[in-house]
Amino acid sequence: MFVNPSKFIQFFFPSLVWRKENSENNIWLTFDDGPTPEVTPYILQVLKQEKIKATFFLVGEQIEKFPNLVNDILSDGHLIANHSYSHKNGWLTSKEKYLKDIEGCQEFMPQNKLFRPPYGKITTAQISLLKEKYKIILWDVLSWDFSKKRTPKRVKQNVLKNTKNGSIIVFHNNQKSFRNLRVLKETIQELKKQGFRFSTTW
């Protein structure tokens, strides 16, 4: 998996949102997984300090365990969206089971229209089934914060070197990524210096 998905892949999946074109310096900061104790409050603290909003793609199982953290995300003015109920790999799951899993998460956010496939893995049959109800959001900048082989410095560089107008950036809201999230604040500050504004309007 690369920081940027290839143009070839993007070309063959035009119904997926990889990047927001013509965005006039707007970028979209997103967090996958969670909510997670310790990690979610840390992210929210950084976002509050930097006075920006983000989109949280949440997992239904985690929502059930930590509903107060979801309330914290919403009360801070951030957007929540569907990242499935149990984080299934779409390539290894039938479209019927996959849809049922997504709907299990959707019950917690009935007004939501956004879905991001776990691992970014989704089949054409699943896309056909989902695209009428959801805007399927992928990304064009993957921070790699979840990788033990990446240092915090490298994670920051991944984001700063690859972000452009309309970019959708992925960080993670889980324990595996917590070590690398220490660069979140300075990464946001550098992006601001480059003139980017943070949007949650999809």
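Taken together, the values in this text are just the output of simple stated rules run on the coordinates, not laboratory data. Just so it is clear, the structure is predicted and the values come from calculations on it, not from any experiment. Reconstructed Cβ throughout: ideal geometry from the backbone, glycine too, with neighbour counts over all protein chains shown.
Would you please report the Å³ per residue occupied by the convex hull of the alpha carbon atoms in segment 8-114?
Once divided by residue count, the hull of segment 8-114 is 133 Å³.
For segment 66-110, report the translational diffusion coefficient in µm²/s to the nearest whole number, using Stokes-Einstein at 20 °C, 1.002 mPa s, and a Kirkwood Rh over Cα pairs.
For these conditions, the coefficient is 185 µm²/s.
Regarding the chain, what is the average projected area of its C-alpha convex hull, in nm²?
10.5 nm²
Please identify which residues in segment 93-109 have an amide N closer than 18 Å to a label point set 7 Å out from the Cα of Glu64, following the Cα→Cβ vector.
Correct set: 97-109.
Zone of Trp202 (label point 7 Å along Cα→Cβ, backbone N under 13 Å): which residues in segment 122-164?
The answer is 131-139.
With N set to the number of residues, divide the alpha-carbon radius of gyration of segment 101-156 by 2.2 N^0.38 Å and report two decimals.
It is 1.44.
In percent, what relative contact order does segment 1-152 have, based on Cα pairs under 8 Å that are 6 or more apart in sequence?
For segment 1-152, the relative contact order is 26 percent.
Just for the Cα atoms in segment 81-130, what are the lengths along the principal axes, largest first, rounded to whole Å?
Dimensions of segment 81-130 along the principal axes of its Cα atoms: 26, 20, 18 Å.
Determine Rg/Rh for segment 120-202; Rg is computed over alpha-carbon atoms and Rh is the Kirkwood hydrodynamic estimate from the same atoms. Before the final figure, lay out the partial values.
Values: Rg = 14.7 Å, Rh = 14.3 Å.
Rg divided by Rh gives 1.03.
What order do you get for 152-160, 43-51, 23-31 when each peptide is scored by the mean count of other beta carbon atoms within 10 Å, highest first?
Going from most to least packed, we get 23-31, 152-160, 43-51.
Taking amide H atoms as placed 1.01 Å from N in the peptide plane, list the residues 5 or more away in sequence, or in a different chain, whose amide H sits under 5 Å from that of Asn26.
Placed amide hydrogens put Gly166, Arg197 under 5 Å from Asn26.
Working out 0.36 nm times the residue gap between Glu107 and Lys192, then minus their Cα-Cα distance, what length gain in nm do you get to one decimal?
That works out to 27.1 nm of additional length.
Collect residues whose amide H, placed 1.01 Å from N in the peptide plane, falls under 5 Å from the amide H of Ile80; neighbours closer than 5 in sequence don't count.
Phe56
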